[in-house]
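In what follows, a structure is listed as structure tokens, so that the remarks can point back to it.
The values are calculated or read from the model by the stated rules, or taken from the named source; none is laboratory data. From a predicted model like this one, the values you see are computed outputs, not experimental measurements. As a convention, Cβ positions derive from the backbone with ideal geometry for all residues, glycine included, and neighbour counts pool all protein chains shown. Note: areas computed on protein heavy atoms with side chains; ligands, DNA, RNA excluded. Shrake-Rupley method; radii C 1.70, N 1.55, O 1.52, S 1.80 Å.
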Protein chains: 4
Amino acid sequence: MSTLKNVRFGLIGAGRIGKIHGENLSTRLPGVELAAIADVNLTAARDLSHKLHVPAAYSDYQTILSDGAIDAVAVCSSTDTHAQIIIEATAQGKHIFCEKPIDHNLEKIDAALEAVEKAGVKLQIGFNRRFDPNFRKVREMVAEGKIGKPHILRITSRDPAPPPIDYIRVSGGIFLDMTIHDFDMARYLVGSEVREIYVAGGVMVDPQIGEAGDIDTAVITLQFENGAIGVIDNSRQAVYGYDQRVEVFGSDGMVTVLNNTPDTHIYSAVDGVHSSKPLYFFLERYTESFIAEMKEFVKSIRDDSTPPVTGIDGRIPVVIGMAAWKSYQERRPVLISEFTQ
Amino acid sequence: MSTLKNVRFGLIGAGRIGKIHGENLSTRLPGVELAAIADVNLTAARDLSHKLHVPAAYSDYQTILSDGAIDAVAVCSSTDTHAQIIIEATAQGKHIFCEKPIDHNLEKIDAALEAVEKAGVKLQIGFNRRFDPNFRKVREMVAEGKIGKPHILRITSRDPAPPPIDYIRVSGGIFLDMTIHDFDMARYLVGSEVREIYVAGGVMVDPQIGEAGDIDTAVITLQFENGAIGVIDNSRQAVYGYDQRVEVFGSDGMVTVLNNTPDTHIYSAVDGVHSSKPLYFFLERYTESFIAEMKEFVKSIRDDSTPPVTGIDGRIPVVIGMAAWKSYQERRPVLISEFTQ
Amino acid sequence: MSTLKNVRFGLIGAGRIGKIHGENLSTRLPGVELAAIADVNLTAARDLSHKLHVPAAYSDYQTILSDGAIDAVAVCSSTDTHAQIIIEATAQGKHIFCEKPIDHNLEKIDAALEAVEKAGVKLQIGFNRRFDPNFRKVREMVAEGKIGKPHILRITSRDPAPPPIDYIRVSGGIFLDMTIHDFDMARYLVGSEVREIYVAGGVMVDPQIGEAGDIDTAVITLQFENGAIGVIDNSRQAVYGYDQRVEVFGSDGMVTVLNNTPDTHIYSAVDGVHSSKPLYFFLERYTESFIAEMKEFVKSIRDDSTPPVTGIDGRIPVVIGMAAWKSYQERRPVLISEFTQ
Amino acid sequence: MSTLKNVRFGLIGAGRIGKIHGENLSTRLPGVELAAIADVNLTAARDLSHKLHVPAAYSDYQTILSDGAIDAVAVCSSTDTHAQIIIEATAQGKHIFCEKPIDHNLEKIDAALEAVEKAGVKLQIGFNRRFDPNFRKVREMVAEGKIGKPHILRITSRDPAPPPIDYIRVSGGIFLDMTIHDFDMARYLVGSEVREIYVAGGVMVDPQIGEAGDIDTAVITLQFENGAIGVIDNSRQAVYGYDQRVEVFGSDGMVTVLNNTPDTHIYSAVDGVHSSKPLYFFLERYTESFIAEMKEFVKSIRDDSTPPVTGIDGRIPVVIGMAAWKSYQERRPVLISEFTQ
């Protein structure tokens, strides 16, 4: 593909995450054009297209897929539609950026990945945190050997507030909805696959979450193929804001990243020293990473190279999430291989 | 002006700062349209207009001023042209965003401000740092009385590397080129006017700067009308990067802001604990403030309200800069009133 | 006991930890007198007594126990002698400060605690970290309800370098030698007992540690009676120094304590920003806590009050340590109650 | 002097600072013996000697000076008595540790220094902050060339609360009472003498301080012989506690030291992130430096070497303080040489 021609995108899904990608595709990415938006809620599609000066808005995504002038789609619809849209998009030769998770069902995931493979199109999964400057720095330092051999990984990942209970019910549970990002981060940072998982968790934030069959607090131990051990701690509610810290400790040192804040102010007064809370939630915290992941997806299309987060990278965290549930329910460490036979 | 209609801008000057404003006007500001670019170097104007998909590029700014479809201009040409362009722009009823300083000559500044006054157009001066989240937070806390009555202001403002000697020669000297931002910041943060100034300075970074008649290092004491005392320390070269810190100490507390960094990583190793340097220079450090100042300028046009940084706000730091030179040369504290009789 | 009369101590054991307590007892504690020192190595006892101007030095501790003018003993001999010395000391009515662990054998511990109970003397166990200003602050804030209900506890506890292999062999293993402090800290900070433990661990630092039957790296999950979940991560070798951090997260907030450093310097240079490593090891890091714990022990003698770390507080971490080993060996979560039937 | 024999001290003055040195001499310094205490208030001398188990207490210091078994004196009496006591002590061959300032009068200082010179005894002045780990680290890094050639020095030195007005009246003014420490620190850190001083100051904390002829807030510019420029900012009242920070910026980097805190806790809650205030005042902040300075004084006696802070080091800050007053009163920069002709 000529580097002179714009890459033309269609956006499928105009909800919260769709709006982010829509805005980035239409104003933040040089050489990219957002040509059409589809949403089952046509009003949502139209409102967003109006706001972003996008010429076309549809209620059915097929119109986008069948538009020969469109090169790629960003799939931001509900999770249960991802696999089907991927399969149909491959049939039209579209490159696909798909939000996480691909699906909650491994068979559907595998069918989608197979279709991508056959069609030879690009598929990138929206694990945006890999593109965050903090986590990228950690990965770089680990990869450069700055900390030696990794021994212990610590991920703290806590949301500022739980989603609505209605969302919880269809979310696939904390491990597939929230921790899935941390499972991806764990693989990315350590550079090794998870071999075994153990979960201690509970309902501490809101009993309704428990009634919906989910938990809201978890401490998860990961054992990696390379011998390293990881621990993730999750909470659906950190009252001080979005807590996103990571630390990798190894034979030659340690690298830690702290939270980002809206400003660096320090206020010293009679009653103590005070500073800013972390940026509130993912929209504020990961603004730049959403742009960066899409930039790299476009680059992989232009360069005809492998996208930085592949379909397999989208599949593995789902498997780990399933193993997490099994560990929690059976109160024992679970081998990932129990799911891959 | 209807809020439905885009505000149409012409950009005058396609150099370093012109590129920043051009990019922001064309992609970052909703309801704004960059309609034309002028630069004495036509190639520069054309290159930028091509890159930003701007329809018109000229070598003379008059074509922009006489275009009735253009509402406002962003003046990013060389300092010696600012006053003249302002005067001509007012004659065409354009609103004006003008980079700092307005001019190095008070009479020319006064003539420009008088023209703006008579024409009743908006004029905003490019003291972008007021729109930085850190400094804005400090101002808010001071204004809210969180630190009580301000007693001591400290500004550290150091560039990562000096500009080329050719630039130094026409810069108006360190106080009008570099410290002028700090003089504005001082007034803004303390909320009072400077009454007296004393400068201790020298050539420590590069003897060529001295040969060009300038200095590269200064410690500047400010005494404010409200009794507070301020100190600014400047260097043309901080080898660790752009150092932009501020502290206001008062009867009830203190607020400090530190540097911003590209990431929050901390690397602990045998030879110590290491972290990131400050963001390298103003392009990286003040990205958001350049967008925010223009957003507020557009808002003042739409709302027909006073811009947040007025012509007078542009004039006063020039006077303080002149007093700074006098203090340095005469080795004594100088009253600002010596320049305002 | 009159507050006017000095409390007279005998020190049993003049090794590394004995020297610390000896020095503190002889110079840092008002109203305290170090009257005699015993060590199986008489030269060690004599050297220390000479250095500290202590009048008596013996090779057998019985001489101290039978000295009617001595009120209390500090037991700093090897672990396998603790229980026996405690029992003999109670027979002479001495108050006892005993280093951790009491013993590796629960029956011996129980015999010692029973003797203490019967004699009605004071027994305090040397979990000095409770007296560290950082950890004490965390405990206070948790106890005051500042973080609400505790949900997640994180303890990072890493030594700068492993002890000699000969020591490893007789240490009782990492959980009874090193993690035992963290087990105590966990109970102390959360204010609840551990119900279940799961260990993921390995030999990553030195294969000789593995050959000695021990491990050197561990991530330990604790589930508390009150529902909170804790995680301890241990390493025998953090190349950047002694890493001793704690965090408690709860329904209303979080409290974290960082490492202490020898100074607060920050060095900014071309190659980054650099600061001091943590204080090297426990002698530097916990200097003040060793004094504070002894001060409180003396206070409990004078006031005839319960010491702040009782015999039961000494026993419980040993049980948790045993459960830790079982979990590691059997690769499953282990209930503490498996050891207390 | 044999290293085997204790150095026997007499303490002159049992007030606030006398108590600190008394306690350190009697318990914190190996090879040192506090043999006698004198205070014009005999009760004070007796109370302290009782508390510290010191055998002798007098109301007249001459008894100490004439005691042939005493090697050295620590002069902690009121400032106006220092010079006279120094002279009398030299007559008895005593080594002298003297609190700052030596005197407010240069002739009296010179007479004292001449007597010391003639007698060949050791004289060390109590600029304890040189022995603080933070400031010592800065000095070391500057001396090692880590920051290259020093360009800018910044000292923030603010007390938590002003002393009683009665004390202010006899203090010699803020520059001789409080800033004198910072003048010493400036010379020590930069490694060059002050050439010129300019003061901007005022009464902002308490009008009574102004009525007593003093000021309570100052920003002081120092120009050094080596070309560096320094700035000290002082306040008699920082409501958040004792603020003692230093920064040296140079051609190759910068070194900064921050305040020390009682603990490292960070509390994150709904209303922000909170941490500890600086240690309250000099007793808490400089505990270790008082011990370290005396240790080095004793070492200089034992080694017959030059003490680390000499009589000249005691004289120069007094001269700078006088120049500071002149600058403030005459509202102009003042050359130190105006006082040394």
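Structure values in brief
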read-out	value
Estimated Rh, chain B: Kirkwood, alpha-carbon pairs, angstrom	21.0 Å
FRET efficiency for D:GLU211 and A:ALA111, using Cβ-Cβ distance with R0 set to 56 Å, rounded to 0.05	0.05
DSSP-defined antiparallel bridges as percent of all bridges, the protein assembly as shown, nearest 5	60 percent
Other protein chain Cβ atoms within 10 Å, averaged over every residue that makes up C:273-286	3
Accessible area of chain A belonging to carbon and sulfur atoms, whole % at 1.4 Å probe	51 percent
Overall dimensions of region B:1-76 by Cα: Rg and Dmax, Å	11.2, 35
Partners for D:LYS295 among lysines (Cα-Cα distance below 25 Å; same-chain residues under 8 apart left out)	C:LYS19, C:LYS51, D:LYS5, D:LYS19, D:LYS51, D:LYS94, D:LYS100, D:LYS118, D:LYS122, D:LYS137
Lys, Arg +1 and Asp, Glu -1 on Cβ, resulting dipole of the protein assembly as shown about Cα centre, debye, nearest 20	0 debye
Per-selection metrics, region A:49-144 (Cα): Rg and Dmax in Å	15.6, 48
Top positive-direction residue, dipole computed over region A:293-341 with Cβ charges, set A:GLY314, A:PHE297, A:VAL334	A:VAL334
Lys/Arg +1, Asp/Glu -1 at C-beta; region D:119-272 dipole; positive extreme among D:ILE155, D:HIS181, D:VAL142	D:VAL142
Region D:1-111, dipole about Cα centre (Lys/Arg Cβ +1, Asp/Glu Cβ -1), debye to the nearest 20	420 debye
For the protein assembly as shown, calculated [θ]222 nm from helices alone, where every DSSP H run of n ≥ 4 adds -39500 (n - 2.57)	-11000 deg cm²/dmol
Test item: D:200-207 mean partner chain Cβ contacts at 10 Å	4
Distance cut-off 13 Å, percentage of C-alpha pairs in region A:283-337 lying past it	70 percent
Accessible area (Å², 1.4 Å probe, nearest 10) - B:GLU99	20 Å²
DSSP bridge pairs, chain C: antiparallel proportion in percent, nearest 5	55 percent
Within region C:81-147: Cβ-based charge dipole about Cα centre, in debye rounded to nearest 20 (Lys, Arg +1; Asp, Glu -1)	400 debye
FRET efficiency for C:TYR280 and A:GLU144, using Cβ-Cβ distance with R0 set to 22 Å, rounded to 0.05	0.25
Estimated FRET transfer efficiency (C:THR261, A:ARG331; beta-carbon r; R0 51 Å; 0.05)	0.80
Rough spin-label spacing in nm, given labels placed 7 Å along Cα→Cβ, for C:GLU88 and A:TYR167	6.8 nm
Pseudo-label separations to other copies for C:ALA69 - Cα-to-Cβ vector, 7 Å, nm	2.2, 10.5, 10.7
Cα pair distances in region B:162-306, grouped into 10 Å bins until the bin that holds the longest one, percent each	9, 29, 33, 23, 5, 0, 0
Per residue accessible area in Å² of chain C, where ligands, DNA and RNA are left out and the probe is 1.4 Å	36 Å²
Rule-of-thumb Rg ratio for region C:174-243 [Cα; 2.2 N^0.38 Å; N residues]	1.18
Separation of the D:PHE339 and C:LYS118 label points, Cα + 7 Å toward Cβ, nm	7.6 nm
Loop trypsin sites (Lys or Arg not before Pro), region A:1-104, which have at most 14 other Cβ atoms in a 10 Å radius of their Cβ (DSSP)	A:LYS5
Buried accessible area, chains A and C (both chains, 1.4 Å probe, Å² to nearest 100)	3100 Å²
Extent along principal axes [Cα atoms of the protein assembly as shown; Å; largest to smallest]	99, 87, 44
Range of Cα positions in region A:96-211 per principal axis (Å), largest first	45, 39, 27
